[in-house]
1. Contact list please: Cβ distance under 7 Å, first residue in segment A:94-106 and touching a residue at least 12 places away in the same chain (Cβ under 8 Å), second residue of a type in the set (Lys, Arg), pairs at least six apart or on different chains.
2. Can you name the helices (runs of 4 or more DSSP H) wholly within segment B:33-106 that have at least 2 residues being free of Cβ contacts under 8 Å to residues at least 60 places away in the same chain, within 24 Å of A:THR48 (Cβ to Cβ) and in contact with a strand residue (DSSP E or B) (Cβ under 7 Å, 6 or more places away or on another chain)?
3. For B:THR123, are the conditions met, namely being among the polar types (S, T, N, Q) and in contact with a helix residue (DSSP H, G or I) (Cβ under 6 Å, 6 or more places away or on another chain)?
4. Select from segment A:14-36 the residues that are outside any strand (DSSP E or B) and either among the β-branched types (Val, Ile, Thr) or surrounded by fewer than 16 Cβ atoms within 10 Å (Cβ to Cβ) (or both) and list them in ascending order.
5. Is segment B:119-126 home to any residue that is surrounded by fewer than 17 Cβ atoms within 10 Å (Cβ to Cβ) and of a type in the set (Lys, Arg)?
6. Does A:LEU98 meet the test of being modelled with pLDDT of 95 or more and under 26 Å from B:TYR52 (Cα atoms)?
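The values are calculated or read from the model by the stated rules, or taken from the named source; none is laboratory data. Everything numeric here is computed off the predicted structure, so don't read it as measured data. Methodologically, a virtual Cβ is constructed for each residue, glycine included, from the backbone with ideal geometry; neighbour enumeration extends over all protein chains shown.
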Amino acid sequence: MRGSSNWSEDVLRAIEARKITTVCTIPDGGLTQLLKLIETHKSVRLVTLSTEEEGVGIATGCWLGGGRAMLAMQSSGVGNCINALGLPAAFRAPCLLLVTMRGQWGEFNPWQVPMGQAVRPALEAVGVKCYPVDRAEEIGETFAAAADFAFNSRVSAAVLIAQRVIGAKGFGQK
Amino acid sequence: MTRTPHKSSNRIQRRPFVADLLARRGEALVVPGLGSPTWDCFAAGDCAEYLYSWGGMGLAVPTALGVALAQPSRRVLCVTGDGELMMGIGSLAVVADQAPDNLAILVLDNESFGETGRQRGLTSNRADLAAVGKAFGLKTTRTITDAGALPELADFLFRAPGPVLAVAKIAITEDPWRLPQKDGATIAFRFRRALGLEDA
């Protein structure tokens, strides 16, 4: 099932279909449309965090209580989550991450590069299965597969949306 | 700067205090943070409705928030320490923002890092956790220093409209090791089964 080029709507449909009712976030520009859809959604709650690792705790707690939650963030936030990801791993609980990448495709900000390049090895080092995707029309199905993998197998999974999809731009550019 | 640890006997003794509190919990689910709060809850009597933790410092409040959002009809009590709460202090703002009326947080504040050698903690001097919680927008917060306040505290933690936060200033004590199950999958399975979420 190929998705449309509007990947935010594809992801939202996958969220709804899997009964994920809580989306925790520190926003990223690449997530703007998805977060806007969730903010006004009648059955999906948006939880704004103060730092990304809180979302790992909330998602784990939600699942332990019988619900389903996920975490959406920029690649820099992955670094904040590494120790926290030991929590779902220890509980054998699922933790689903949606990450918009920086520091790779045409990045203009050198401060984004070290963490951006470390996202996949860092996540894999703590046992999180990574699903990189660099075509907008494949994001929905990739997210759906990662969500099923996480919730059915009770492991952590991360969808890494390439900067190529989001587009690199400098400040002041629209 | 010299410092006088609170070893005096007029301070709250954590083990009997937690045991007395949990005896009054009714149907509440309990999410203790790593280290001493987990040992205290286990020492009070093992229970499947206690979600023990051995790691993830700073995550007791977010984990309890997740449980509270998923179980809106159950009271949820997070039992944490001053060091752990300080590490995840922003999570109080997230709790206040979500405003789950079923979530209560108890901080056992011994003003030190008890597990690692009783090094001085940040609440030993000027930081006031109840004031921080109030400023973040929690519904009600309070600090108690006297074990005699326990019946009223239990009423506050288990019945007052949440989210609420209580800081109990406790003595630094030498308590016998009481360590629960440490396999997280077993703790999780047991907890979920108690909620009717797992077969067998």
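1. Qualifying pairs under 7 Å: A:PRO94/A:ARG154; A:TRP105/A:ARG164.
2. The helices (runs of 4 or more DSSP H) meeting that bar are B:60-70, B:91-98.
3. Numbers: among the polar types (S, T, N, Q): yes; in contact with a helix residue (DSSP H, G or I) (Cβ under 6 Å, 6 or more places away or on another chain): yes.
Criteria met by B:THR123.
4. Hits for segment A:14-36 are A:ILE15, A:GLU16, A:ALA17, A:LYS19, A:ILE20, A:THR21, A:ILE26, A:GLY29, A:THR32, A:GLN33, A:LYS36.
5. yes
6. So A:LEU98 does not fit the description; no.
Okay, residues lined up against (1) over 17 Å from the mean Cα position of the chain (by Cα); (2) over 18 Å from B:MET87 (Cα atoms); (3) modelled with pLDDT of 95 or more:
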{"position": "B:ILE105", "(1), (2), (3)": "no, no, yes"}
{"position": "B:LEU122", "(1), (2), (3)": "yes, no, yes"}
{"position": "B:ALA130", "(1), (2), (3)": "no, no, yes"}
{"position": "B:ALA135", "(1), (2), (3)": "yes, no, yes"}
{"position": "B:THR140", "(1), (2), (3)": "no, yes, yes"}
{"position": "B:PRO151", "(1), (2), (3)": "no, yes, yes"}
{"position": "B:VAL164", "(1), (2), (3)": "no, yes, yes"}
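The rows are residues; the columns are (1) without any contact (Cβ under 8 Å) to a residue 12 or more places away in the chain; (2) over 14 Å from the mean Cα position of the chain (by Cα); (3) more than 7 Å from chain B (Cβ to nearest Cβ).
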{"residue": "A:GLU52", "(1), (2), (3)": "no, no, yes"}
{"residue": "A:GLY61", "(1), (2), (3)": "yes, yes, no"}
{"residue": "A:GLY66", "(1), (2), (3)": "yes, yes, no"}
{"residue": "A:ASN80", "(1), (2), (3)": "no, no, yes"}
{"residue": "A:ALA84", "(1), (2), (3)": "no, yes, no"}
{"residue": "A:PRO88", "(1), (2), (3)": "no, yes, yes"}
